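Presented below is the structure to which this report refers.
The values are calculated or read from the model by the stated rules, or taken from the named source; none is laboratory data. Remember, it's a predicted structure, so these values are computed and weren't measured experimentally. Cβ sites come from the backbone with ideal geometry, for glycine too, and all protein chains shown count toward neighbours.
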Amino acid sequence: MTEDLSFVTALDLKRRIAAREISPVDVVEAALRRLHEVEPVLNNFVTITEDVARQAAKDAEAAIMNGEELGLLHGLPVSVKDLITMGGVKCAFGSRSAADNIADADAPSVERLRTQGACILGKTTTSEFGCKPVGDSPLTGITRNPWNTDKTPGGSSCGAAASIAAGVTPFGLGTDGGGSVRIPAHFSGLFAIKAQFGRVPVYPTSATPTLAHVGPLARTVRDGALLLSAVAGYEPRDPFSVAEPLPDFLAACDQPVRGLRVAWSPTLGYAQPDAEVVSLCEEAVKALEDQGCEVELVEKIVDANPSDMWMAEFYAGVGTRLKAIIEKDPDMLDPAVVEVLSGALDQSLEEYYSKVFARYEFRERMRAFFERFDLLASPTLPVPAFDVALNVPPQIPDANIVSWVAYTYPFNLTGYPAASVPAGFTGDGLPVGLQIVGGPLQETRIFAAAAAIEAARPWADKHPKL
């Protein structure tokens, strides 16, 4: 087969596979070829599972020929971030300290990928233990942005984003404890969503159990809705798992947005965005207004950057898991990661719990906010992609390792659903994302708005020239 399938959507592949117009075996072989074409340049995968993908493709083809019921992801190639366990496969967390770790079993999301007929090509790169919002780790080195290989694709779901943007798979699974699917979506020109906290089960227990999400990155909104539909749903092993019936995320993409009350906040009250980023996001919000949304400018959402609340929780959890390594062999870890983990471990119990209580006050404030508005729109990040091997964008010199990611982690603190939608490209050809946040359990409103923006300002026909 000579057809180039690199940028065909998952839904189109799904339709053609079901109609026997194309073989899952051919689809997977095309994805593997593309993987190997771009891997030397981008460095997207830490482990490639060709045998797993090929066997799943053969099984998918046999099921079609035998007239069996097809899964939601039947025969579709997908990737899994290397913070999510896949039984019998290395799960190294981007760290030399776990380089030989073999997972005992599939995470629930991976179980569901397999059950729904997906073909897993491999494990994608991550910053070490998901601790940095950029795309490098001591284990795998630098992952690069396909739109400009001198730039980072963002993190910590760096390999997932770069590989999807480069046309390896139409979508993939990442994790998001502070923005780690939305950040690389912004930098890489993708759609990504972390659903309501607990909507997609997380197991084994995360080092950051009250912040961690598993979520899709995709080149289109509807492909993201398809993947989320396959992995979401109640799971008793996750104590935070949402037990209510699953919404129809794909159907939500066809819902009208007229009458939705949208708050547009360029800074949330404290961020330092580039003017070009704000301008592109304003244009995307205007597309919602043109379709009947009631848009209101709200400059100040909160009084101050809540990064200290998030850092106290996230880095204390990871630091506790890694305390022995930090104390005995810190050279095994990224120095920037050691610094923030050590700081979190040094906080007193009183300091920690003061931030826990402040977090619940913040959450209540945001709950009240979403009684007035259906959605909140903001830039996903304050800047476009910056050079690889930097931890902080040079435009924000007073930022720490995470505080510059000013828009994303607040909604891990609340647990509310939040997505990044492509908003356009800078004059230098770098993607920019618009963040859309919903109130509790309101993913369907996000999908309706994201699909409306995509219809008005389509992006999936734009591909990086590698």
Odd one out for residue 149, checked against (1) buried (at least 24 other Cβ atoms within 10 Å of the Cβ); (2) under 17 Å from residue 432 (Cα atoms): (1)
Helices (runs of 4 or more DSSP H) (entirely within segment 167-270) containing at least 2 residues that are surrounded by 24 or more Cβ atoms within 10 Å (Cβ to Cβ), at pLDDT 95 or above and aliphatic (A, V, I, L, M): 182-188, 221-231
Pair list, Cβ < 7 Å and 6+ apart or interchain, from segment 230-253 residues that are without any contact (Cβ under 8 Å) to a residue 12 or more places away in the chain to residues that are surrounded by fewer than 17 Cβ atoms within 10 Å (Cβ to Cβ) and assigned to a loop (DSSP other than H, G, I, E, B): 243/234
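Return the residues of segment 429-451 that are in contact with a helix residue (DSSP H, G or I) (Cβ under 9 Å, 6 or more places away or on another chain), more than 25 Å from residue 244 (Cβ to Cβ) and not in a strand (DSSP E or B); say none if nothing qualifies.
Residues of segment 429-451 in contact with a helix residue (DSSP H, G or I) (Cβ under 9 Å, 6 or more places away or on another chain): 430-440, 442-451.
Next, from what is left, pick out any that are more than 25 Å from residue 244 (Cβ to Cβ): 430-434.
430, the sole residue that qualifies.
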Yes/no for residue 94 being of a type in the set (Gly, Ala, Ser), closer than 20 Å to residue 184 by Cα and touching a residue at least 40 places away in the same chain (Cβ under 8 Å): yes
Which numbered condition residue 369 misses (of (1) under 30 Å from residue 253 (Cα atoms); (2) without any contact (Cβ under 8 Å) to a residue 60 or more places away in the chain): (2)
Residue 184 vs. criteria in contact with a helix residue (DSSP H, G or I) (Cβ under 6 Å, 6 or more places away or on another chain), closer than 26 Å to residue 339 by Cα and free of Cβ contacts under 8 Å to residues at least 60 places away in the same chain: yes
Positions within segment 13-37 being surrounded by 17 or more Cβ atoms within 10 Å (Cβ to Cβ) and within 25 Å of the chain's Cα centre (by Cα), in sequence order: 13, 14, 27, 28, 30, 31, 32, 34, 35
Residue tally, condition crowded, with 19+ Cβ neighbours inside 10 Å, under 21 Å from residue 11 (Cα atoms) and within 29 Å of the chain's Cα centre (by Cα), over segment 38-71: 5
